[in-house]
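To keep things clear, I will list the structure first and then write my remarks on it.
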Amino acid sequence: MNLMSKEVELPGAFILGAGAVSSKTVGINGELMPLVLTEAEGRPAVNGSYFSSINPVDGKCLQEKYSDRFHDCDFGLLANLYACEGKPGKVIEVRACRRTGEDSLVSCMRKTMEEHYGEKSMALGGTFVLQKGKAKIHIMPREFSTCPLNTNNDVDNWLRHFEVSAPLIFQTVMVSRDPGLDLRVEHTHGFSHHGEGGHYYTDTTPNTVEYLGYFLPAELLYRIDRPTETHNVGRD
């Protein structure tokens with residue numbers, strides 16, 4: 001995260017979003033909910049991140065505070081991050097309840113922006129709370145797959161899926177449309193104070209769900225370490 005803040009020309013940035021833990025550091029796969037105030041001159045980094053993995057004892061969700069076990073600000077595989085100065089200011093407030101369609105809150109917002117801005121790309125980052133209801137999440141298995149995952153079904157069968165309960169705090173990064181950078185256009189991870197968290201799909205209680213969120217547009221979009229070979233598997 002400290003390197004990312006320098007790469008996006010915002011040293012000392014506050015960073016949130018969704019990514020994977022560094023398996024080299026943690027020793028296993030896991031879902032990372034980054035909350036990092038990166039290092040600046042005369043000030044060390046402050047890492048308030050959470051991560052979720054599969055509990056080897058019972059196969060359920062195991063959520064932990066990252067700084068309780070590790071002292072770095074690393075991540076692995078991939079991450080969609082929103083970096084800002086971390087100062088108070090104007091934000092976009094979103095309140096929603098009773099989902100009437102198939103799309104998640106994030107997909108609804110992203111598709112609305114795509115419809116409004118057309119060929120232009122608009123990016124948002126922020127956090128929202130599932131105040132009431134339940135949500136579907138996934139967590140990667142502790143070990144990498146022993147065989148290639150060539151289709152979305154392969155990925156879906158490899159992942160472990162859970163239904164988790166409110167209140168849940170989600171962090172999201174979304175882009176209305178890919179401007180030709182081979183992006184994952186939406187990525188959302190969440191944590192809780194009752195031990196549940198992971199990669200968000202949508203709520204599972206459309207009639208009773210309630211959301212409250214705060215978001216900011218991005219001024220700049222950076223694509224770092226773009227792969228030379230790509231595919232669309234596992235981007236939902």
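So the values come out like this:
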item: Criterion: assigned to a strand (DSSP E or B) and farther than 22 Å from Asp58 by Cα - qualifying residue of Thr188, Thr205; result: Thr188
item: Qualifying residue in the range 91-107 (condition: touching a Phe, Trp or Tyr at 6+ places or on another chain (Cβ under 7 Å) and surrounded by 17 or more Cβ atoms within 10 Å (Cβ to Cβ)); result: yes
item: Subset of the range 163-185 [within 22 Å of Glu102 (Cβ to Cβ), not hydrophobic (A, V, I, L, M, F, W, C) and not in a strand (DSSP E or B)]; result: Ser176, Arg177, Asp178, Arg184
item: Selection within the range 53-75 - touching a Leu at 6+ places or on another chain (Cβ under 8 Å) and either modelled with pLDDT under 95 or in a loop (DSSP other than H, G, I, E, B) (or both); result: Asn55, Phe75
item: Checklist (1) farther than 29 Å from Gly30 by Cα; (2) in contact with a helix residue (DSSP H, G or I) (Cβ under 8 Å, 6 or more places away or on another chain) applied to Glu93, failing item; result: (2)
item: Those residues of the range 35-49 which are in a strand (DSSP E or B) and either of a type in the set (A, V, I, L, M, F, W, C) or in contact with a Lys or Arg (Cβ under 6 Å, 6 or more places away or on another chain) (or both), in sequence order; result: Leu35, Val36, Leu37, Ala40, Val46
item: Unmet requirement for Thr146, which otherwise passes all of (1) in contact with a strand residue (DSSP E or B) (Cβ under 8 Å, 6 or more places away or on another chain); (2) free of Cβ contacts under 8 Å to residues at least 12 places away in the same chain; (3) not aliphatic (A, V, I, L, M); result: (1)
item: Among (1) among the basic types (Lys, Arg); (2) out of contact with any strand residue (DSSP E or B) (no Cβ under 7 Å at 6 or more places or on another chain); (3) crowded, with 18+ Cβ neighbours inside 10 Å - the single one Lys120 does not satisfy; result: (3)
item: Gly180, sole failed condition from (1) over 26 Å from Val57 (Cα atoms); (2) of a type in the set (Gly, Ala, Ser); (3) surrounded by 14 or more Cβ atoms within 10 Å (Cβ to Cβ); result: (3)
item: Any chance Asn207 is farther than 20 Å from Ser52 by Cβ, more than 16 Å from the chain's Cα centre (by Cα) and at pLDDT below 95; result: no
item: Neighbours by Cβ (under 7 Å, 6+ apart or cross-chain): first from the range 220-236, at pLDDT below 95; second outside any loop (DSSP other than H, G, I, E, B) and not polar (S, T, N, Q); result: Val233/Val155; Gly234/Val155
item: Filter result (β-branched (Val, Ile, Thr) and buried (at least 18 other Cβ atoms within 10 Å of the Cβ)) within the range 141-168; result: Val164
item: Pick from the range 111-168, criterion over 18 Å from the mean Cα position of the chain (by Cα) and of a type in the set (A, V, I, L, M, F, W, C), ranking: nearest to Phe215 (Cα to Cα); result: Met113
item: Residues located in the range 211-236, provided they are farther than 18 Å from Val175 by Cα and of a type in the set (Phe, Trp, Tyr); result: Tyr211
item: Answer from Leu78, Leu32, Leu10 - the residue that is farther than 19 Å from Leu168 by Cα, part of a strand (DSSP E or B), in contact (Cβ under 8 Å) with a residue 40 or more places away in the chain and not acidic (Asp, Glu); result: Leu78
item: Conditions (1) under 20 Å from the mean Cα position of the chain (by Cα); (2) surrounded by fewer than 13 Cβ atoms within 10 Å (Cβ to Cβ); (3) of a type in the set (A, V, I, L, M); number of the one not met by Leu32; result: (2)
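The values are calculated or read from the model by the stated rules, or taken from the named source; none is laboratory data. Everything quoted here is computed from the prediction, not taken from an experiment. Counting neighbours? That spans all protein chains shown, and the Cβs are built from the backbone with ideal geometry, glycine included.
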